[in-house]
Amino acid sequence: MSKGRMRVVLEMIKFEHSVFALPFALVGALLAARAVGALPTWPQIFWVVAAMVGARSAAMTMNRIADLDYDRRNPRTSNRALPAGHLSVGFAALFALAASALLVLAAWRLNRLALELSPVALAILFAYSYTKRFTSWSHIVLGFCLGISPAAAWIAIRGSLDGRVLILSAAVTLWVGGFDVLYACQDIEFDKTAGLHSIPRKFGVERALLFARGMHILMLGLLVWLCWSFRLGWLAWAGIAVVAALLLYEHSLVKADDLSRMNAAFFTVNGYISLLFLLFWGAAVLLARP
């Protein structure tokens, strides 16, 4: 594959957005290892990252295939790789199959439970692409697709599941769902003409912004609960404060009558949130006693 074609593929799957979910998965892995007084091994970290890359690449490619007709008709998305003809649907389907195989391979290399659950994960990821056709709450489904990553990482490390990591999964679900509500505010008019559903379309931009703020407030409450559950130290609490400050800044960028700074709110701020969360919570987990 040429470098130019590779760039088109990476753009199709928005590879740079992997920063949103991967740090939370790595925190899940660290918490799982800490529970038994150890650290994840380098092979475990490698296969967790490989599984995340495979899962996300497969999900994004399937989403582009499923939404191809809508992407062609939406001026905001008509220049994407598939609607613009830079890649064929056949190539995208083969790429999604290869990415799915990478997830299954990584799960097999991790443990039996991870392997058994890998088809379930793929089913959830693929199903999201169709939820916008019948429910306004597809944002929560998208959030859940990323929210399962910490629980999946825990299973990858331990071969079992601890209910406490589900708190982190719920927090990630609300975080992603909240900023997806913000992002969907750009497409209200198109969604109306195309018959697609979203919270902004159902309730209007102003109320959608309130929904997003509510989700992010609940997310912060869950992080507080998680920090208490694992008895983490001041670095984890500082991480929550940093996340809260960045969320406050994110919401200050988006107004009901001005969505011009949406890209800054969506891409830049959320990227900082995930990376700084990993930095603070990773350090807190490494320094805490099991």
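What follows draws every value from the coordinates through simple rules; no lab data is involved. Every value quoted in this text rests on a predicted model; they were computed, and no experiment measured them. All Cβ positions, glycine included, derive from the backbone under ideal geometry; neighbour counts span all protein chains shown.
Computed quantities for the displayed model
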| quantity | calculated |
| --- | --- |
| Rg and Dmax [Cα atoms of the chain; Å; Rg one decimal, Dmax integer] | 18.9, 55 |
| Total lysine pairs whose alpha carbons fall under 25 Å of each other in the chain (8 or more apart, or interchain) | 8 |
| Loop sites in segment 201-290: trypsin sites (Lys or Arg not before Pro), DSSP, at most 12 other Cβ within 10 Å | Arg231 |
| Sequence-separation-based contact order of the chain, relative, with Cα cut under 8 Å and 6+ spacing, percent | 22 |
| Label-point gap, in nm, between Leu286 and Met6 - each point 7 angstrom along Cα→Cβ | 2.9 |
| Span from the segment 59-124 Cα centroid across to the segment 212-290 one, whole angstrom | 28 |
| Helical mean residue ellipticity (222 nm; -39500 (n - 2.57) per DSSP H run of 4+; nearest 500) of the chain | -24500 deg cm²/dmol |
| Two-site label geometry, Leu161 and Leu248: point separation in nm, points 7 Å out along Cα→Cβ | 3.6 |
| Segment 207-279: Rg to Rh, with Rh as the Kirkwood radius over Cα pairs | 1.02 |
| Stretch gain in nm, segment Arg231-Glu206, where the contour uses 0.36 nm per residue and the Cα spacing is subtracted | 5.2 nm |
| Cα→Cβ-extended label distance, 7 Å offset, between Ser78 and Ala98, nm | 3.1 |
| At least 24 Å along the helix axis (C-alpha) and Kyte average at least -1.0, DSSP helices within the chain | 42-66, 89-110, 112-131, 138-158, 165-184, 205-229, 234-253, 270-287 |
| Efficiency of FRET between Lys255 and Arg112 - r from beta-carbon atoms, R0 51 angstrom, step 0.05 | 0.50 |
| Extension gain, Met262 back to Val36 (0.36 nm per residue minus Cα-Cα distance, nm) | 77.1 nm |
| Potential extension, Ala127-Val19 segment - 0.36 nm per residue separation minus Cα distance | 36.7 nm |
